[in-house]
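One structure below.
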């Protein structure tokens, strides 16, 4: 009997399908095995993969809670956290905390694995952080009928501003205010209650939170203007460099792929903006994770150091921190005993940027950005001095104290004809010479001399000056792209008013914001 050809054909087809199914199954198993092996063998996140979860610390307003189910929902941060967990192949376990400082505590204690905080806070408290991926601005919520219509209107005597204790928006505000009073609460809701009940005239926070609160206070409004920006990063404990490397890769991929932008759009939350991927002009600094800023001690235009605490304060410090924040890296101060000594670090590649008085001699070793401040050089003289104007100082027998290598030393070396320069290794030593009679005058920037005169009873700063000076950011020669980036930062700071705020914060009298333009050597 002849076999049925149709049966044979059906059997062959069935065998082919079975074979194809077997091949597909094997292929899927191989892919899954490889993916699993890659996760397990990646030492940077091996502990998280073994645990099968990643504990994500969140604080309001990084999440909202469904009033019916109690589920955390509707947050850009939650979507970013879950995307990162999916990348690792683990579960995202969301952990609530009331405030940012509590998130910092949990990361340092190891009771959570990652979180999201502003880069300023991450730098200040010593966390490991990615490049910023999102930014939101700080502003005010004011009640109906308020006379506060701009940021400047809020800083007046008698104005009470409700703030969350230790919030970055509060830290930024405390550095700027001169007249208004801050009224503190520990978390956002009690802070809003201060405004709602009339115990405050405005509430300061991130725009996205204030927009939400405005719906709960009839007639209230959120100012269009802002007084600062919070650039948000993904953070880990400082002792987790491998995990940080993995997180940083994920964040850059999330920005480049549009994941962050889509998360913002899906959340429907207003006030968030994606931070662009790392700027190639400062790619070397991003890779190093830090910005080394050359700091000359002894002057408020550079830095003053608290000998008890080691804290540095001054315009160069504030500028360096702001620039590091913009780049998304750690601020590292490289200290020198006086501004003139900073150039000693050029040949040894000791710093990445420094803020110096522009001078033709210095321009042989560094390139300058457009000036950010202008002032003048003049003299500090003791009580009963016969020096009443600049011309009186250039006489035979007159000894003028200057810090060695500072711009004022370079300037006077070129112009003095009869007076003698007495060079010192520190600024304080130059002032001491005037106090003890070892010098008839101390030459320097007006703002520094004004501060020093308060320590020398009867001393005075001359009304006229002998040179107009410009201070500018400088980089060692051979870094044109870095200089271009920093120049852009400086011009933005001047145009936005933040440069003026930093000058005021440093307490610099006799200093003005420089106009837009190119650097000019003295």
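May I ask you to verify whether residue 84 is under 24 Å from residue 186 (Cα atoms) and in contact with a strand residue (DSSP E or B) (Cβ under 8 Å, 6 or more places away or on another chain)?
Details: under 24 Å from residue 186 (Cα atoms): no; in contact with a strand residue (DSSP E or B) (Cβ under 8 Å, 6 or more places away or on another chain): yes.
Considered against the rule, which asks whether it is under 24 Å from residue 186 (Cα atoms) and in contact with a strand residue (DSSP E or B) (Cβ under 8 Å, 6 or more places away or on another chain), residue 84 comes out as no.
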Inset, instruction - Show the residue pairs that are 6+ apart or on different chains and have beta-carbon atoms under 8 Å apart, the first residue being within segment 281-303 and outside the structural domain of residue 356 (by TED's automatic domain parsing) and under 28 Å from residue 405 (Cβ atoms), the second being modelled with pLDDT of 90 or more and in a strand (DSSP E or B). - result: none
Inset, instruction - Those residues that are over 15 Å from the mean Cα position of the chain (by Cα) and either in a strand (DSSP E or B) or buried (at least 19 other Cβ atoms within 10 Å of the Cβ) (or both), I need them from segment 283-308; list them, please. - result: 294, 295, 296, 297, 298, 299, 300, 301, 302, 303, 304, 305
Legend entry - Some residue of segment 233-240 being surrounded by fewer than 20 Cβ atoms within 10 Å (Cβ to Cβ) and farther than 30 Å from residue 402 by Cα: yes
Inset, instruction - Go through the residues of segment 240-253 one by one and say whether even a single one is modelled with pLDDT of 90 or more and either under 27 Å from residue 312 (Cβ atoms) or not assigned by TED's automatic domain parsing to the domain that holds residue 84 (or both). - result: yes
Inset, instruction - Provide a single number: the residues in segment 309-326 that are surrounded by fewer than 21 Cβ atoms within 10 Å (Cβ to Cβ) and in a loop (DSSP other than H, G, I, E, B). - result: 3
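Within segment 87-99, work out how many residues are in contact with a strand residue (DSSP E or B) (Cβ under 8 Å, 6 or more places away or on another chain) and either within 20 Å of residue 263 (Cβ to Cβ) or surrounded by 23 or more Cβ atoms within 10 Å (Cβ to Cβ) (or both). Break it down into steps so the answer makes sense when it comes.
Just the residues of segment 87-99 that are in contact with a strand residue (DSSP E or B) (Cβ under 8 Å, 6 or more places away or on another chain), to begin with: 88, 90-97, 99.
With the extra rule that they be either within 20 Å of residue 263 (Cβ to Cβ) or surrounded by 23 or more Cβ atoms within 10 Å (Cβ to Cβ) (or both), the set shrinks to 88, 90-96.
Residues meeting the conditions: 8.
Closer than 24 Å to residue 498 by Cα and surrounded by fewer than 21 Cβ atoms within 10 Å (Cβ to Cβ), is that true of residue 395? Don't jump to the end; show me each part of the working.
Working: closer than 24 Å to residue 498 by Cα: no; surrounded by fewer than 21 Cβ atoms within 10 Å (Cβ to Cβ): yes.
It is false that residue 395 is closer than 24 Å to residue 498 by Cα and surrounded by fewer than 21 Cβ atoms within 10 Å (Cβ to Cβ).
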Inset, instruction - Filter segment 433-458 down to the residues that are within 17 Å of residue 408 (Cα to Cα) and more than 34 Å from the chain's Cα centre (by Cα), then identify the one that is surrounded by the fewest Cβ atoms within 10 Å (Cβ to Cβ). - result: 433
Inset, instruction - For segment 56-78, name all the residues that are outside any loop (DSSP other than H, G, I, E, B) and buried (at least 20 other Cβ atoms within 10 Å of the Cβ). - result: 56, 57, 58, 76, 77, 78
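Only one of these is at pLDDT 90 or above and on the phi < 0 side of the Ramachandran plot: 344, 361. Name it.
Working: 361 fails: at pLDDT 90 or above.
Just a single option satisfies the conditions, and that option is 344.
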Legend entry - Condition broken by residue 332, with the remaining ones in (1) surrounded by fewer than 19 Cβ atoms within 10 Å (Cβ to Cβ); (2) farther than 23 Å from residue 133 by Cα satisfied: (2)
Inset, instruction - For segment 125-146, indicate whether the set of residues that are touching a helix residue (DSSP H, G or I) at 6+ places or on another chain (Cβ under 6 Å), free of Cβ contacts under 8 Å to residues at least 60 places away in the same chain and either in the same structural domain as residue 252 (by TED's automatic domain parsing) or crowded, with 20+ Cβ neighbours inside 10 Å (or both) is non-empty. - result: yes
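Filter the helices (runs of 4 or more DSSP H) completely within segment 387-449 down to those with at least 3 residues that are touching a strand residue (DSSP E or B) at 6+ places or on another chain (Cβ under 7 Å). Full working, then the answer.
Details: elements: 390-393, 407-415, 427-436.
In segment 387-449, 407-415, 427-436 are the helices (runs of 4 or more DSSP H) which contain 3 or more residues that are touching a strand residue (DSSP E or B) at 6+ places or on another chain (Cβ under 7 Å).
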Inset, instruction - Could you please tell me which pairs satisfy a Cβ distance under 7 Å, a separation of 6+ or placement on different chains, a first residue in segment 441-469 that is without any contact (Cβ under 8 Å) to a residue 40 or more places away in the chain and not assigned by TED's automatic domain parsing to the domain that holds residue 430, and a second residue that is surrounded by fewer than 17 Cβ atoms within 10 Å (Cβ to Cβ) and assigned to a helix (DSSP H, G or I)? - result: none
Inset, instruction - Scan segment 473-512 residue by residue and report those that are surrounded by fewer than 20 Cβ atoms within 10 Å (Cβ to Cβ), in contact with a strand residue (DSSP E or B) (Cβ under 6 Å, 6 or more places away or on another chain) and assigned to a loop (DSSP other than H, G, I, E, B). - result: 477, 510
Legend entry - Of all residues in segment 234-275 being assigned to a helix (DSSP H, G or I) and touching a strand residue (DSSP E or B) at 6+ places or on another chain (Cβ under 6 Å), the one that is farthest from residue 122 (Cα to Cα): 261
Inset, instruction - Might you let me know whether segment 356-366 holds any residue that is touching a residue at least 40 places away in the same chain (Cβ under 8 Å), in a loop (DSSP other than H, G, I, E, B) and surrounded by 19 or more Cβ atoms within 10 Å (Cβ to Cβ)? - result: yes
Inset, instruction - Filter the helices (runs of 4 or more DSSP H) completely within segment 105-218 down to those with at least 3 residues that are within 30 Å of residue 48 (Cβ to Cβ). - result: 119-125
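The values are calculated or read from the model by the stated rules, or taken from the named source; none is laboratory data. Small disclaimer: the values here were computed from a predicted structure and weren't measured. All Cβ positions, glycine included, derive from the backbone under ideal geometry; neighbour counts span all protein chains shown.
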